[in-house]
1. Lysines near residue 17 by alpha-carbon distance under 18 Å, same-chain residues fewer than 8 away left out - which ones?
2. For a protection proxy built on the mean count of beta-carbon atoms within 10 angstrom, sort 107-114, 33-40 highest first, please.
3. In whole Hz, what ³J(HN,Hα) sequence does segment 38-46 give by Karplus (6.51, -1.76, 1.60; θ = phi - 60°), x for Gly and Pro?
4. What distance in nm lies between label points placed 7 Å from Cα along the C-beta direction at residue 124 and residue 140?
5. Which one, 74, 119, 167, is farthest towards the positive end of the dipole of segment 45-169 when Lys and Arg carry +1 and Asp and Glu -1 on their Cβ?
6. State the Kirkwood hydrodynamic radius of segment 94-228 in Å, one decimal place, computed from all pairs of distinct Cα atoms.
7. Would you mind checking 91/129; 8/129; 8/224 for any pair whose Cα atoms are more than 20 angstrom apart?
8. Relative to the present Cα-Cα distance, how much length would full extension add between residue 44 and residue 77 at 0.36 nm per residue of separation?
Amino acid sequence: MYDVTEWKHVFKLDPDKEISDENLEIICESGTDAIIVGGSDNVTMDNVLNLMSRIRRYLVPCVLEVSEIESIIPGFDLYFIPSVMNSTNTKWVMGLHHEAVKEYGEIMSWDELIVEGYCILNGDCKAAKLTEANTELAADDVMAYARMAENMFHMPIFYLEYSGTYGDVNVVQAASSVLSSTKLFYGGGIETPEQAAEMAEYADVVVIGNVIYDDFGSALKTVKAVKP
Ligand SMILES: CC(C)=CCC/C(C)=C/CC/C(C)=C/CC/C(C)=C/CC/C(C)=C/CC/C(C)=C/CC/C(C)=C/COP(=O)(O)OP(=O)(O)O
Ligand SMILES: O=P(O)(O)OC[C@@H](O)CO
Ligand SMILES: [Mg+2]
């Protein structure tokens, strides 16, 4: 029904940030493959519900990327569950997941859940600090995580996260070279259609976040750059 393996471009909307109805409509009808709702600060039931119900006016698939147990609400098409592979604290690898499944296990629709093997590479971003990620990684370290995600843990998504900064295309290429069934998501610092196209050469899916709020016109152009 929602075939993530066909996606090339997604917008990530932050429930803690303002977006006008007009811009939301443009984003939802832009031809992007999905809208991810997610962020690392002040993600509450209220602001998640508010954003979800506004996105729900459109046909585009709508995904909650879970960052806090308290803000999980029903009604999304899919739930992306990050597991930070390069975290040094097991809480962010499997700990919170264990707690959540203990609480919701009985009522969970497992086919709506998609696990993302996160590898966070921008040491200055909030997610890196929160999860105590070891971001001092060379390309071969990242390749090893990618191989583990696909061959050991059978994760559907390997997510290279540079949130807030434009990443190293050689690292994205290296990760891509060792993946076949697991889909490579790239997110971080994409501000122009050219950058989106550059990362899309190697990543299966590019994620566009902050630029939606900083330069809406440029954000919109990334769709055609990736899906001409
Ligand atoms: C009732 C109901 C609908 C039930 C459904 C069942 C369900 C979905 C159950 C959930 C099961 C489950 C296993 C949940 C996991 C729970 C959990 C809290 C896991 C931890 C997730 C995690 C590792 C979070 C760490 C932070 C992280 C990686 C967040 C991802 C998003 C991210 C990096 C956003 C970037 O944030 P942003 O604000 O844009 O950052 P900048 O400031 O840098 O821009
Ligand atoms: O906000 P930006 O830097 O575009 O990053 C997108 C996404 O990967 C954040 O989780
Ligand atoms: Mg952001």
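1. Once the sequence-local lysines are set aside, what remains near residue 17 is 126.
2. 33-40, 107-114
3. Taking θ as phi minus 60°, the curve returns x, x, 10, 10, 6, 8, 10, 4, 5 Hz for segment 38-46.
4. Placing both labels 7 Å along Cα→Cβ, they lie 2.9 nm apart.
5. 74
6. Numbers: mean 1/r = 0.0632 Å⁻¹.
When all Cα pairs of segment 94-228 are included, the Kirkwood radius is 15.8 Å.
7. Correct reply: 8/129.
8. Working: separation 33, 0.36 × 33 = 11.88 nm, distance 1.86 nm.
Contour length minus Cα-Cα distance gives 10.0 nm.
Values quoted throughout were computed directly from the atomic coordinates according to the rules given, and no laboratory measurement underlies them. Everything numeric here is computed off the predicted structure, so don't read it as measured data. Positions of Cβ are generated from backbone atoms using ideal geometry, with glycine treated the same way; all protein chains shown enter the neighbour counts.
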